[in-house]
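Structure first, commentary second.
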Amino acid sequence: MEPYEVKFEIAGPAAMFTRPDSGAAQVSYPAPTFSAAKGMFEAIARWTSACIRPTMVEICAPIKYHKYTTNYGGPLRKGNQMATGSSYQIPATILIDVCYRIHGVVEEIMQAPEGNNHLHALQDVFNRRLKKGRFYYTPCLGWKEFVPSYAGMFREGTKKQEGINILIPSMLHSVFDKISDGQVAPSFTVDAEIREGELIYAK
């Protein structure tokens with residue numbers, strides 16, 4: 001049986017796919033992690049008995065880093081900051097002017113009720129929502145505040161950046177131990193390779 005493939009293009013002024021090894025001054029990977037890509041697929045369409053597994057991302061804009069500072073107002077602030085209602089500033093190195101084409105395949109999580117072809121159903125729902133721009137919720141480019149300027153079907157003028165070749169010694173793959181309903185157990189890909197603008201995700 002042929003796989004039920006899906007794909008979309010996403011672009012925006014800013015993106016952040018955090019490297020866990022970058023510490024407090026966070027730095028972005030040059031491309032979305034597997035988990036980030038899966039989250040984008042789920043923002044467009046989701047299903048109870050099936051899911052979309054990201055398989056590959058194409059980098060369609062030059063990689064450009066930029067310094068960025070965000071204000072944190074959560075419970076991990078120091079005591080005096082909490083008492084005065086002050087925010088904590090977090091420096092980061094983000095990506096700017098990004099564009100990606102992300103590919104995936106629909107997979108079964110559990111048996112479909114009454115033998116329905118839920119793989120085709122999810123593919124169909126995904127494509128219809130993508131064409132109409134009606135998403136489950138707004139997808140983001142890593143951090144929630146980094147919303148896309150475009151998310152939809154492949155655009156004719158978009159081209160893969162074939163001159164981008166990067167070896168990433170260790171890249172976060174997934175935050176969870178299963179494709180769906182998993183427990184927090186981060187896994188990493190050793191020597192993840194962006195070759196001619198393409199990053200193929202490990203299974």
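Laboratory data are not the source of any read-out in this text; all were calculated from the coordinates shown. It should be emphasised that the depicted structure is a prediction, and the values quoted were computed from it without experimental measurement. When we count neighbours, we look across all protein chains shown, and the Cβ atoms used for this are built from the backbone with ideal geometry, even at glycine.
Provide the per-residue ³J(HN,Hα) series for the range 54-64, in order, calculated from phi with Karplus coefficients 6.51, -1.76, 1.60 and θ = phi - 60°, each as a whole number of Hz, with x at glycine and proline positions.
Computed from phi, the couplings for the range 54-64 are x, 10, 7, 10, 9, 8, 10, 8, x, 7, 10 Hz.
Say we join alpha carbon atoms closer than 10 Å with springs in a Gaussian network model of the chain; which of 95, 141, 130 then has the biggest fluctuation?
Comparing 95, 141, 130 in the GNM, the peak value goes to 130.
Using alpha carbons only, how many degrees (0 to 90, rounded to 10) separate the axis of helix 34-44 from the longest principal axis of the chain?
70
Expressed as cubic angstrom per residue, what is the convex hull volume of the alpha carbon set of the range 37-120?
That works out to 148 Å³ per residue.
Determine how many Å³ per residue the convex hull of the Cα atoms of the range 50-91 encloses.
About 140 Å³ per residue, rounded to a whole number.
If I measure Cβ to Cβ between cysteines in the chain, which ones have no partner under 4.7 Å?
51, 140
Averaged across orientations, what area in nm² does the convex hull of the alpha carbons in the range 95-150 project?
Answer in nm², one decimal: 5.2.
Per residue of the range 79-87, in order, report the coupling 6.51 cos²θ - 1.76 cosθ + 1.60 (Karplus, θ = phi - 60°) as ³J(HN,Hα) in whole Hz, putting x for Gly and Pro.
Along the range 79-87, the couplings run x, 5, 5, 5, 5, 8, x, 7, 8 Hz.
Diagonalise the Cα gyration tensor of the range 84-179 and give the resulting equivalent ellipsoid semi-axes, square root of 5 times each eigenvalue, largest first, whole Å.
After diagonalising the Cα gyration tensor, the semi-axes are 30, 21, 18 Å.
If you plug each phi of the range 167-179 into the Karplus form 6.51 cos²θ - 1.76 cosθ + 1.60 with θ = phi - 60°, what whole-Hz ³J(HN,Hα) values come out, in order, with x for Gly and Pro?
Working through the residues one at a time gives 9, 9, x, 8, 10, 4, 9, 9, 7, 10, 7, 9, 5 Hz.
Averaging over all projection directions, find the projected area of the Cα convex hull of the chain and quote it in nm² with one decimal place.
The directionally averaged projection comes out at 13.2 nm².
Taking neighbour Cβ counts within 10 Å as the exposure measure, how do 164, 52, 44 sort from fewest upward? Display every interim value, and only then the final one.
Working: 164 20, 52 28, 44 24.
Going from sparsest to densest Cβ surroundings: 164, 44, 52.
What's the center-to-center distance, using Cα atoms, between the range 34-78 and the range 121-173 in Å?
Result: 9 Å between the Cα centres.
If amide hydrogens are placed 1.01 Å from N in the peptide plane, which non-local residues have theirs closer than 5 Å to the one on residue 60?
99, 100, 101, 161
Sorting 18, 138 on the 10 Å Cβ count, fewest up front, what's the list?
So the residues, fewest neighbours to most, are 138, 18.
For the chain, set up a GNM with springs between Cα atoms under 10 Å and report which of 129, 155, 19 has the largest fluctuation.
155
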